[in-house]
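**Q** My questions all concern the structure below.
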Amino acid sequence: MSIDTPLPVLKPADFASDQDVRWCPGCGDYSILAQMKKVLPTLGVPRENIVFISGIGCSSRFPYYMNTYGMHSIHGRAPAVASGLKTVRPDLQVWVITGDGDGLSIGGNHLMHCIRRNMDLNIVLFNNRIYGLTKGQYSPTSPLGKKTKSTPMGSVDNPLHPLSIAIGCEATFVARSIDTNIKHLAETFKRSAAHSGSAFIEVYQNCNIFNDGAWEYAKNRETKADTTLELEHGKPLIFGKNRDKGIRLNGLEPEVVELGKGITEDDLLFHDERSPEPSLAYLLSRMRYEDGFPEPIGVFRSVDAPRYDELVNDQIEEATKQKGKGDIDALFSSGDTWTVN
Amino acid sequence: MATSTPSKPVANLEEATVRFCGDSGDGMQLAGTQFTNASALLGNDVATFPDFPAEIRAPRGTKAGVSGFQIHFSSNEIYTPGDTVDALVAMNPAALVTNISELRDGGILLVNKDAFDKKGLELAGCDSNPLEDDSLSKYKVHSVEMTKITRRAVEDCGLTQKEADRCRNFFAMGLVFWLYDRSLDPTLRFIEKKFGSKFPTVAQANTKALKAGYNYGETVEAINTQYQVAPAALEPGTYRNIMGNIALSWGLVAAGQLSNKRLFLGAYPITPASTILEELANHKNFDVVTFQAEDEIAAMTATIGAAFAGAMSVTASSGPGVALKGEGLGLAVITELPMIIINVQRGGPSTGLPTKTEQSDLHQAMFGRNGECPMPVIAARSPGDSFDVAQEAWRLAVRYMTPVMLLTDGYIANGSEPWRIPRFADLPKIPVEHPTEISNGDGFDPYERDERLSRPWALPGTPGLEHRLGGLEKQNVTGNVSYDPENHEHMCRLRAEKVAKIADDIPLQELDGPESGELLVLSWGGPFGSCATAVHQAQAAGKSVSHCHLRYLNPFPRNLGEILTRFEKVLIPELNLGQLRMIIRSEFLIDAIGLNKIQGKPFSVSEIVEKINELT
């Protein structure tokens with residue numbers, strides 16, 4: 001983006017609206033909000049050119065707390081609202097804030113289509129694996145057997161996994177981060193903002209009221225080195241407190257191996273976020289804690305592809321070049337006409 | 001205006017109605033459209049009624065697959081596609097059986113004799129061949145071997161028999177063109193343009209078939225009279241023939257240009273609204289963005305996003321689609337963003353009669369949302385009127401910062417009529433303002449209101465005016481989320497008052513006929529033409545009857561209530577079970593009488609005349 005005058009230097013506080021934040025004390029959303037406010041002043045985008053669009057749910061209150069343009073829309077529809085906005089105003093930087101219920105249940109269709117169109121949006125999905133705002137029913141990411149108010153005998157709904165969905169739609173940028181891993185989260189937001197096209201970020205977010213500890217394994221200082229794996233482009237997949245474990249491909253299946261005893265780094269799967277083929281990224285998205293795998297965090301995929309919003313505007317430019325700027329009188333008189341005197 | 005030297009006796013008619021009907025694959029819509037264009041170019045006033053099944057190709061030869069196109073053309077001003085048919089073209093037995101009741105006694109029947117074989121008769125459920133029994137004796141029947149003659153006419157074009165048979169509609173057209181003395185030129189131009197460069201053999205074959213039909217009329221002795229319908233004395237100007245959905249689309253394009261706005265259409269394909277999406281997609285060089293969304297909800301909410309972004313934002317659908325948009329409409333109302341929601345009504349409920357017309361979504365337009373959710377509602381009355389209504393919808397939307405519901409119907413959308421082409425310079429501009437800075441120096445108030453109760457339309461990208469909209473109730477003036485009970489009631493009343501105040505900004509209701517009397521016919525939407533014609537006939541017969549046609553359904557024009565009181569009776573003909581009548585009764589406490597029809601078909605003039613006669 002080119003700008004003529006130097007930007008005033010803004011601070012995180014400049015991005016805070018005058019509204020009281022009304023999430024429950026201890027909610028993971030606070031940390032995500034704080035990182036967003038920290039990152040935005042570093043992007044070189046004027047505040048007035050930033051728009052936050054959300055749906056319904058706890059996470060979707062986000063736009064009210066940002067001193068940017070924003071809309072708290074209706075349940076599940078934020079990607080569609082944002083698509084209309086971005087298509088007519090490609091000059092704006094648009095963030096979509098959604099949750100596991102909003103984005104994957106009621107709004108699953110819009111999420112899928114906006115990603116496959118590669119609409120230039122930054123989509124942040126707060127995944128707390130529960131319906132918080134409606135006080136504790138299970139969500140489409142709640143694990144099987146999860147007991148909630150609406151599943152007293154345990155959920156029998158097979159959950160879906162946000163990144164697998166995004167990669168299935170061939171998202172051009174896919175990442176995962178964790179609410180309490182603030183440096184990583186901020187870095188992920190920066191990478192997303194720099195990406196041209198649909199950027200999809202899943203944030204493991206703790207709902208301390210209705211699903212406290214859902215991501216404990218991935219956040220706990222004692223366990224997280226063994227239960228998560230930080231992806232780095234071009235590097236082998238290594239994890240563990242002592243960085244002595246890795247992921248190796250056995251045919252089409254990933255397996256956890258211990259380094260040493262004849263297994264070297266070169267035997268491991270190397271991460272390639274720029275691979276045009278999404279299969280490896282999909283495979284990473286299927287590595288789950290409950291199956292004995294560390295869950296990858298970081299950027300799964302980052303590739304270039306044509307953007308819907310750009311192509312639409314290119315076509316308008318092209319049509320104008322070919323036909324000339326629209327002339328109403330010429331349009332109305334095209335084809336067969338007759339004159340009455 | 002003769003287009004050829006008559007070789008047979010010529011009869012002059014004031015008007016005539018022709019209907020082409022055949023299998024859905026027989027090209028009857030094309031035949032009708034071409035005949036319409038030729039008649040319009042000759043200077044007749046025309047009104048059309050395409051009538052086709054929901055299935056693209058129902059089983060061939062069956063009654064379910066019959067597609068028809070009716071054209072009424074006249075040397076006078078006309079408003080309807082005609083009650084009864086003077087000449088019927090039936091390409092097969094099923095078409096004959098399903099349409100013959102529309103043909104007047106003594107009318108001309110042109111049939112494709114070759115289609116009346118055993119199989120064709122069976123498919124149409126005929127026990128005997130109507131061409132051979134005396135069931136058609138009250139008509140002037142011309143049984144023509146259209147298939148055989150067409151095959152002979154195109155035999156040197158190198159087509160397969162199947163391809164040759166596809167030229168039959170051009171033969172039928174040629175014959176009817178001769179019968180009513182229309183020029184072949186516009187259709188020859190059409191053939192050249194459509195097939196000339198890409199499929200020269202098809203162009204050649206269609207041309208031959210068309211001319212063969214024309215020559216058949218001229219030479220065959222059995223057809224002994226040619227008819228002429230002189231040009232109508234329309235208002236001076238340059239005219240074209242236009243379909244409702246095209247006029248509506250052009251009205252939107254014009255409104256975009258008149259307000260210096262990028263036009264955004266968010267839509268999901270649905271009959272009978274899809275042609276709006278298709279038409280606008282062709283006009284990108286007018287800065288038109290069309291977004292074919294993944295569903296109706298996305299079409300609606302993308303339209304809201306585009307409105308927030310500052311575009312002239314429109315969504316177009318039909319009843320089932322508008323039902324899905326309902327929650328989005330509420331968001332549009334509470335965020336007070338300007339946009340247009342078009343409902344090209346069709347038969348309901350549910351999927352209903354997708355290709356047939358109805359006016360049964362008026363209550364949906366007025367009330368089909370949760371909460372107190374008022375929205376202006378306006379309706380087009382004819383194909384050409386759709387052009388004006390589109391601009392009026394946008395004028396109201398931006399002046400009052402509100403979504404506007406625009407109703408048309410399948411009859412208006414697919415029908416066509418001559419349209420006097422306006423000059424762009426003569427169309428009224430639609431001014432739009434956006435704030436560029438804070439007015440009171442103390443932070444931007446997105447819900448501050450002007451004398452119309454309209455709030456400012458501040459666009460993303462404007463420094464200092466950053467604000468948040470949303471579906472939660474807003475504090476008046478500041479636009480902050482508010483759960484305050486008093487504020488909520490205030491906002492509900494305010495949104496209602498804002499819409500009601502539009503009555504100050506719309507023309508007073510006009511009346512066609514005496515200022516008072518025995519009966520007032522009150523209509524809205526598609527039945528305009530039938531009602532106007534019926535009232536004129538009744539007036540000519542000395543009845544005390546006047547006609548009001550409503551464009552504005554919410555709010556009503558200021559003087560409507562007063563007009564209603566000046567008549568002893570009020571009759572409301574509607575293609576529903578009485579939706580406007582219910583609103584008129586509750587609003588004005590007047591015991592209006594309904595004439596209600598819900599058959600997927602427009603009113604005939606005679607149905608309305610009959611009711612007028614019953615009441616006066």
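A short reminder: the numbers here are calculations on the coordinates, not readings from a lab. Please read all numbers here as calculations on a predicted model, not as lab measurements. In this analysis, Cβ positions are derived from the backbone assuming ideal geometry, glycine residues included, and neighbour counts consider all displayed protein chains.
**Q** Roughly how tilted is helix B:244-258, in degrees to the nearest 10 and between 0 and 90, from the longest Cα axis of chain B?
**A** Tilt relative to chain B: about 40 degrees.
**Q** Distance from the Cα centre of the range A:10-42 to that of the range A:232-247, in angstrom?
**A** 33
**Q** Please list the non-local residues whose amide H lies under 5 Å from the amide H of B:VAL344, H modeled 1.01 Å from N, same-chain partners needing a gap of 5 or more.
**A** Placed amide hydrogens put B:SER317, B:SER318, B:THR408 under 5 Å from B:VAL344.
**Q** Taking the Cα atoms of the range B:29-89 alone, what are Rg (to one decimal) and Dmax (as a whole number) in Å?
**A** 13.1, 40
**Q** Separate question: Suppose every Lys and Arg Cβ carries +1 and every Asp and Glu Cβ carries -1, with no other charges. What dipole size does the range B:517-615 come out with about its Cα centre, to the nearest 20 debye?
**A** Numbers: 10 positive and 9 negative charges, 42 e Å.
In debye, rounded to 20, the range B:517-615 gives about 200.
**Q** Ratio of chain A's C-alpha Rg to 2.2 N^0.38 Å, to two decimals? Working shown, then result.
**A** Details: Rg = 22.6 Å, N = 341, 2.2 N^0.38 = 20.2 Å.
Its radius of gyration relative to the 2.2 N^0.38 Å reference: 1.12.
**Q** Here's something else I'd like to know. Computed over the Cα atoms of the range B:548-616, what is the convex hull's projected area averaged over all directions, in nm²?
**A** Working: hull surface 19.6 nm².
It is 4.9 nm².
**Q** Once you have the Kirkwood Rh of the range B:240-426 from its Cα pairs, apply Stokes-Einstein at 25 °C and 0.890 mPa s and quote D in µm²/s.
**A** On the way: Rh = 15.8 Å.
My calculation gives 155 µm²/s for D.
**Q** Which shape class applies to the range B:202-342: rounded if a/c is under 1.5, otherwise prolate when a/b exceeds b/c and oblate if not, where a ≥ b ≥ c are the square roots of the Cα gyration tensor eigenvalues? Before the final figure, lay out the partial values.
**A** Details: a/c = 2.93, a/b = 2.39, b/c = 1.23.
Because a/c hits 1.5 or more and a/b exceeds b/c, the range B:202-342 counts as prolate.
**Q** Between exposed GluC sites (Glu not before Pro) in chain A, where DSSP calls loop and at most 15 other Cβ atoms lie within 10 Å, what's the longest gap? Write out the running numbers ahead of the final one.
**A** Values: sites that count: A:GLU222, A:GLU232.
For GluC sites (Glu not before Pro) (loop position, at most 15 other Cβ atoms within 10 Å), the longest site-free span of chain A is A:1-221.
**Q** With +1 on the Cβ of every Lys and Arg and -1 on the Cβ of every Asp and Glu, and nothing else charged, how large is the dipole of the range B:240-426 about its Cα centre, in debye rounded to the nearest 20?
**A** 380
**Q** State the answer as a single residue: which of A:PRO236, A:HIS113, A:LEU10 lies farthest towards the positive end of the charge dipole of chain A, with beta carbon charges of +1 for Lys and Arg and -1 for Asp and Glu, about the Cα centre.
**A** Comparing the listed Cα positions along the dipole, A:LEU10 ranks first.
**Q** Of all GluC sites (Glu not before Pro) in the range B:212-311, which ones are in loop regions per DSSP and have a Cβ with at most 11 other Cβ atoms within 10 Å?
**A** When the GluC sites (Glu not before Pro) of the range B:212-311 are filtered for loop state and at most 11 Cβ neighbours within 10 Å, B:GLU221 remain.
**Q** For the range B:460-535 and the range A:74-111, compute the distance between their C-alpha centroids and round to whole Å.
**A** Here the answer is 29 Å between Cα centres.
**Q** Okay, moving on. Can you tell me what percent of all Cα-Cα pairs in the protein assembly as shown are more than 36 Å apart?
**A** 58
**Q** Find the relative contact order for the range B:240-426 and round it to a whole percent, using C-alpha pairs within less than 8 Å whose residues are 6+ positions apart. Show your work: numbers first, answer last.
**A** On the way: 426 pairs, mean separation 54.5, N = 187.
After rounding, I find 29 percent.
**Q** Which far-off residues, 5 or more places away or on another chain, put their amide H under 5 Å from the one on A:ILE123, with H placed in the peptide plane?
**A** Here the answer is A:VAL96, A:ALA199, A:PHE200, A:ILE201, since their amide H atoms fall under 5 Å of that of A:ILE123.
**Q** Express in % the proportion of alpha carbon pairs of the range B:433-505 at distances exceeding 14 Å. Numbers along the way, then the final one.
**A** On the way: 1655 of 2628 pairs.
So the portion of pairs separated by more than 14 Å is 63 percent.
**Q** I need the shape label for the range B:10-229. Rule: rounded when a/c is under 1.5, else prolate if a/b > b/c, else oblate, with a, b, c from the alpha carbon gyration tensor.
**A** In terms of gyration-tensor shape, rounded.
**Q** For chain B, which longest stretch is free of loop sites, where a loop site is one of the trypsin sites (Lys or Arg not before Pro) that DSSP puts outside H, G, I, E and B and that has at most 14 other Cβ atoms within 10 Å?
**A** Numbers: sites that count: B:ARG57, B:LYS138, B:LYS198, B:ARG423, B:LYS429, B:ARG452, B:ARG558, B:ARG566.
So the longest stretch without any such site is B:199-422.
**Q** Right, something else. As a test of the formula, what do you get for chain B when each DSSP H run with n ≥ 4 contributes -39,500 (n - 2.57) and the sum is divided by the residue count, at 222 nm and rounded to the nearest 500 deg cm²/dmol? Before the final figure, lay out each step's value.
**A** Numbers: 20 runs with 217 residues, N = 616.
Here the helix-only value at 222 nm equals -10500 deg cm²/dmol.
**Q** Find the percent of Cα-Cα distances in the range A:71-111 that exceed 11 Å, and round it to a whole number.
**A** On the way: 483 of 820 pairs.
Within the range A:71-111, distances greater than 11 Å cover 59 percent of Cα pairs.
**Q** Can you give me the relative contact order of the range A:1-153 as a percent, contacts being Cα pairs under 8 Å and 6 or more apart? Intermediate results must be reported in sequence, preceding the final value.
**A** Numbers: 260 pairs, mean separation 28.0, N = 153.
Relative contact order for the range A:1-153 comes out at 18 percent.
**Q** Nearest 10 degrees, 0 to 90: what angle lies between the long axis of helix B:605-615 and the longest principal axis of chain B (Cα atoms)?
**A** On a 0 to 90 degree scale, this one is about 60.
**Q** When a/c reaches 1.5 or more, the comparison of a/b and b/c decides; with that in mind, is the range A:46-188 rounded, prolate or oblate per its Cα gyration tensor? Don't skip to the end; give the middle numbers.
**A** Working: a/c = 1.79, a/b = 1.63, b/c = 1.10.
The shape class here is prolate.
**Q** Just to confirm my numbers, what's the Cα centroid distance between the range B:213-285 and the range B:157-176 in Å?
**A** A separation of 25 Å, based on Cα centres.
**Q** How tilted is helix B:319-335 with respect to the longest principal axis of chain B? Cα atoms for both, answer in degrees (0 to 90, nearest 10).
**A** Tilt relative to chain B: about 20 degrees.
**Q** Using the Kirkwood formula on the Cα atoms of chain B, what hydrodynamic radius do you get, in angstrom to one decimal?
**A** Numbers: mean 1/r = 0.0383 Å⁻¹.
Across chain B, the inverse of the average 1/r is 26.1 Å.
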